[in-house]
Amino acid sequence: MWTDPAILEWIFILVKIIVIFGLVLSIVPYTVLAERRICAWIQDRVGPNRVGFQGLLQPIADALKLMLKEDMLSNHVHKVVFTLAPALVFMPSLMVLAVIPWGSAIGPMTCVLSDMNAGMLFALAVASFSVYGIALAGWASNSKYPFLGGMRSAAQMISYEVCLGLSLVPLFMQTGSLNLSAIVEYQTQHGWLMLYHPVACFIFITSLFAECNRTPFDLPEAEQELVSGYNIEYSSLKFGLFFLGEYANMLVASALVTTLFLGGWSLPFAPFNAPATVIWVGLAHVGIFVAKVCAMLFLFIWVRWTVPRFRYDQLMALGWKVFFPLALVNIVVVAVIMACRANL
Amino acid sequence: MAWSPQAEGDRMIINLGPQHPSTHGVLRVILELDGEEITRLWPDIGYLHRGDEKIAENMTYQQFLPYTDRLDYLAPLANNVAYAYAVEKLLGVEVPPRCHVIRVICCELSRIASHLLGLGCYAMDVGAMTVFLYCMREREKIMDLFETLSGARFTSSYIRIGGLANDLPPEFVPGVRAFLAELPAGVAEIDGLLTRNRIFVDRTRDIAVLSREQAINLGMTGPNLRASGVDWDLRRAHPYSAYPDFEFEVPLGSVGDCYDRFLVRLEEVRQSRSIVLQALDRLPAGPWYVDDGKVFLPPKTDVLTRMEPLIHQFMLITEGINAPPGEIYFSAENPKGELGFMIISRGGGVPHRLKIRAPSFVNLQALSVMAVGHLLSDMTAILGSLDFVMGECDR
């Protein structure tokens, strides 16, 4: 009875939801650990290595500590918005992951929760939601430093959202699809899109740094200026959700870069350059995808501990005066090249 | 007393410090912001006031020396040295050459330590955390060296009036040489991460420009003054200690912005290294204290076996050095600027009045001139580039 295709479909969906949740909730805490260890390594320190073997239980200890903290709700905050904001930061990242293919197929199950035709549009639309969380957190805290953080983040995200979308247009022109699975399959046949569109790739990754509030664009929280920005008034699990959300956003960003520019689950040789027909190749595809995401996460961490932070106006200038025109020119250039190719 | 400045129009008052991570201790600055632009500001100091000058009036000259450790606590030995020379000037005592050279070594190592920390905090304030850790790593080696001198890493009180606490321990000179051999690599790392880093340059160049005239009028001293292009270094302008014997350059800035203040400090680290190297090469042998029982404690063996040293010991401990009446001012080129001691003596072992001219206090005056018109983010760069210590400012 369970081989009935309709029922099987439901089982697959459940499995995929569990896998995505599992991936996020396990990778994110360990990204935090990795960040602390890598940062310590870059800075000639040791880092957290005491809780469990090489500090592997540190994330659990951190999570427990956060849960046991008192959940403070000051009198001056706007309570509904204040409580809602952390969830608004965290949820979009999970929703974006639904359209990202994290493998080709394991047996009869395709490795993407929702194979949406306008997948990329959906991802961009949903990803921008997290700015509401941060801006609202800053506003609802009713306090000056968080307010400045919230304002900064709103301005920053709006500026970089534009570049983020525009930088991807050449990709859609070349692949002719907004479906992420289709984009990955295009790359299995034609090679990674990063090689075709280095400029777009650069703008996209840089804008993602801004979207994720990572150094050099971590202005909304700018520890040395705004002390911690939008999340000053938060404690306990609400703060934990912000924290989780930040790293989940980083994970999603890495997954997007992997999917759009780095060939997703594929490698440019057989048997990894075509959708899997046997189970072990399918599993290997998932592994390849995770490995690429981890490499991207490493890049995020590496940059953070290497460069200083931009100033607010410099960041805006970079977004509007450099990346925005660059992305537009890039579109025109790609269009011209494509037109020439088609006519020759 | 509650003092709360009012914002004009729809501007916002924001309170920076005294527990803000980039105010380096307990400086409080009240800012009036228009958006993120600073329109007015009121520095509020005194959170670390301990009444050092009053304390000095109630104890002997030697007893006050450990208090000078706590002025600019990032360069305690340099403060000790400046204070010791001030008292020696009052007493009319000249220490032997070996003592001079050892004091120079202590001062310059302190300068390196202080500048490393200053540069590190500065870098951290503009967001480059890693540079801070690199600076701290190098500074840690100096702390270890200071530990061999007197047993204390931070508030070492190694200097005595008329000499030193003890001669250099045998492991000190090789230790300093080893450290100086490693230092250029560490400095090059800081240099490589910041000097031509586009983000860092954008954050600091043309920020808080202080012209020559402004810097002089505000009474700035030290690297902050030299960054504005004023060639004024007390080690050369009013030579003291063994400084005339050493060759070193006084780096000058051209613009007087935050970037110049960074460059000047970085170069001073290199120059200090060269001074210490010269000093180690020319470290004279001989006594390291004034052989005068009325100024410097006689050796313990003599105290236990001979009458005169015993009396000297007793008098120095109970009444202090018997200073002549008079007024003197002595200032030394400390890492933060001109640290001056004005002593008014009416005779006896206790100063009638001791005034400390703290460079951080004077340098902080420039804050309102520098910061107005810049953004909130620049505030951290400005505070970092001023490199002040509240222990010294509030005294």
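Considering only B:Leu109, B:Leu283, B:Leu164, the Gaussian network model of chain B with Cα springs below 10 Å gives its largest mean-square fluctuation to B:Leu283.
Restricting the calculation to Cα atoms, region A:266-344 yields a radius of gyration followed by a Dmax of 20.0, 53 Å. The fraction of all Cα pairs in region A:70-343 landing in successive 10 Å bins from 0 to the largest distance is 7, 28, 32, 21, 9, 2, 0, given as whole percents. When the accessible area of region B:248-304 is computed with all protein chains present and a 1.4 Å probe, what percentage of it is carbon and sulfur? Carbon-and-sulfur percentage of accessible area, whole number: 55. Sites listed here are trypsin sites (Lys or Arg not before Pro) in region A:1-37 whose DSSP assignment is loop and whose Cβ has at most 14 other Cβ atoms within 10 Å, and the list is empty. Legend: calculated FRET efficiency, B:Thr305 to B:Val209, from the Cβ-Cβ distance at R0 = 51 Å, rounded to 0.05, equals 0.20.
Averaging Cα coordinates gives a centre for region A:57-130 and one for region B:334-395; these two points are 50 Å apart. Estimated purely from DSSP H runs of n ≥ 4, each contributing -39500 (n - 2.57), the mean residue ellipticity at 222 nm for chain B is -15000 deg cm²/dmol once divided by its residues.
As a fraction of the 1.4 Å probe accessible area of region A:70-343, surface on carbon and sulfur atoms comes out at 73 percent. Loop-located GluC sites (Glu not before Pro) in region B:6-61 (DSSP state other than H, G, I, E, B) with a sparse environment of at most 14 neighbouring Cβ atoms within 10 Å: B:Glu8, B:Glu57. A simple spin-label model places pseudo-atoms 7 Å from Cα toward Cβ; at A:Ile7 and A:Ser114 they are separated by 2.7 nm.
Under the rule of -39500 (n - 2.57) per DSSP H run of 4 or more residues, summed and divided by the residues of chain A, what mean residue ellipticity at 222 nm is obtained, to the nearest 500 deg cm²/dmol? After summing the helix terms and dividing by the residues of chain A, the value is -22500 deg cm²/dmol. Pairwise Cα distances in region A:1-93 exceed 23 Å for 53 percent of all pairs. Accessible surface buried at the B:A interface totals approximately 2500 Å², computed with a 1.4 Å probe on protein heavy atoms.
Note on A:Ile60 and B:Asp144: their simple-model spin labels are 3.7 nm apart, each label 7 Å out from Cα toward Cβ. Pairwise inverse Cα distances across region B:1-131, averaged and inverted, put the Kirkwood hydrodynamic radius at 18.2 Å. If you take the square roots of the eigenvalues of the alpha-carbon gyration tensor of the protein assembly as shown and sort them as a ≥ b ≥ c, do you get rounded (a/c under 1.5), prolate (a/b over b/c) or oblate? In terms of gyration-tensor shape, prolate. Backbone amide hydrogens, once placed in the peptide plane, bring A:Ala105 within less than 5 Å of A:Cys111, A:Ala276, excluding anything fewer than 5 places away on its chain.
Its convex hull of Cα atoms gives chain B a direction-averaged projected area, equal to a quarter of the hull surface, of 19.9 nm². Peptides B:220-232, A:320-332, ordered by how many other C-beta atoms sit within 10 Å of their residues on average, highest first, read B:220-232, A:320-332. Solvent-accessible surface of the protein assembly as shown, taken per residue with a 1.4 Å probe and all protein chains present: 41 Å². Overall, the accessible surface of region B:32-101 at a probe of 1.4 angstrom is composed of carbon and sulfur to the extent of 53 percent.
What separates the Cα centres of region A:300-344 and region B:67-97 is a distance of 57 Å. On the beta carbon distance between A:Ala274 and A:Trp320, with R0 = 45 Å, the FRET formula returns roughly 0.60.
Computed over region A:12-52, the quotient of the alpha carbon radius of gyration and 2.2 N^0.38 Å is 1.62. Close amide H pairs (under 5 Å, H built 1.01 Å from N) link A:Gly264 with A:Thr259, residues at least 5 positions away or on another chain.
Taking B:Ala358, B:Ala237, B:Ala371 in turn, the Gaussian network model of chain B (Cα-Cα springs below 10 Å) assigns the largest fluctuation to B:Ala237. Placing +1 on each Lys and Arg Cβ and -1 on each Asp and Glu Cβ, with no other charges, gives chain B a dipole about its Cα centre of roughly 620 debye.
Just so you know, the Cα atoms of region B:202-351 work out to an Rg and Dmax of 21.4, 69 Å. Taking A:Phe310, A:Phe289, A:Phe300 in turn, the Gaussian network model of chain A (Cα-Cα springs below 10 Å) assigns the largest fluctuation to A:Phe310. Contact residues in region A:283-327 by the 20 Å² criterion (accessible area, 1.4 Å probe, full protein complex versus chain alone): A:Trp305, A:Thr306, A:Val307, A:Pro308, A:Arg309, A:Phe310, A:Arg311, A:Tyr312, A:Gln314.
The values are calculated or read from the model by the stated rules, or taken from the named source; none is laboratory data. Worth saying up front: this structure is predicted, and the values here are computed from it rather than measured. Because the Cβ atoms are built from the backbone with ideal geometry, glycine has one as well, and the counts that use them run over all protein chains shown. Only protein heavy atoms, including side chains, enter the accessible area calculation; ligands, DNA and RNA are left aside. Shrake-Rupley method; radii C 1.70, N 1.55, O 1.52, S 1.80 Å.
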